[in-house]
Amino acid sequence: MSAVEEQYNKLLFETKLLQENKLNEYLERYKDSFINNLEMGIVDLSDRNLSIIPMSLLEMDIRELDLSNNNLGILPDNFGQMQELRELDLSGNQFTTLPDNFGELDNLE
């Protein structure tokens with residue numbers, strides 16, 4: 001099993017624990033496509049009705065992350081650790097604040 005497949009399995013397990021059913025269904029249905037995109041550093045979790053960001057997502061080497069049009073109100077405190085992140089879409093959520101280390105995302109374009 002490749003490292004990317006292990007990351008996928010960890011994310012899938014975490015979404016089951018969090019009862020993020022729409023995301024879990026998406027991950028199971030589009031497993032191959034998700035893994036292929038993850039290998040390229042691309043994760044699109046837009047329109048998944050997310051209310052929380054799975055922590056395992058923050059451990060992945062992601063260059064492009066789309067979390068738009070969910071029900072997110074906060075980002076995890078360690079969101080700034082995603083140092084490979086170049087593109088980020090958070091539109092269509094209900095954020096009121098961003099974590100202090102958000103400014104550490106130096107590679108955002």
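The values are calculated or read from the model by the stated rules, or taken from the named source; none is laboratory data. The structure displayed is predicted, hence computed values, not measured ones. Glycine also receives a Cβ, built like all others from the backbone with ideal geometry; neighbour counts cover every protein chain displayed.
Would you mind stating whether Phe34 is of a type in the set (Phe, Trp, Tyr) and either within 18 Å of Glu6 (Cβ to Cβ) or in a helix (DSSP H, G or I) (or both)? Talk me through it step by step, then tell me what you get.
Working: of a type in the set (Phe, Trp, Tyr): yes; either within 18 Å of Glu6 (Cβ to Cβ) or in a helix (DSSP H, G or I) (or both): yes.
In short, yes.
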* **Single residue of Leu72, Leu88 found to be over 16 Å from Tyr8 (Cα atoms), at pLDDT 90 or above and not in a loop (DSSP other than H, G, I, E, B)** => Leu88
* To do: Go through Asn107, Asn69 for me and flag whichever is more than 10 Å from the chain's Cα centre (by Cα) and either acidic (Asp, Glu) or surrounded by 16 or more Cβ atoms within 10 Å (Cβ to Cβ) (or both).
  => Asn69
* Structure fact -> Within region 51-85, the residues that are of a type in the set (Gly, Ala, Ser) and closer than 20 Å to Ser2 by Cα are Ser56
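Just the residues that are aromatic (Phe, Trp, Tyr) and more than 16 Å from Ile62 (Cβ to Cβ), please, taken from region 1-20. Steps first, please.
Step one: of region 1-20, the residues aromatic (Phe, Trp, Tyr) are 8, 13.
Phe13, the sole residue that qualifies.
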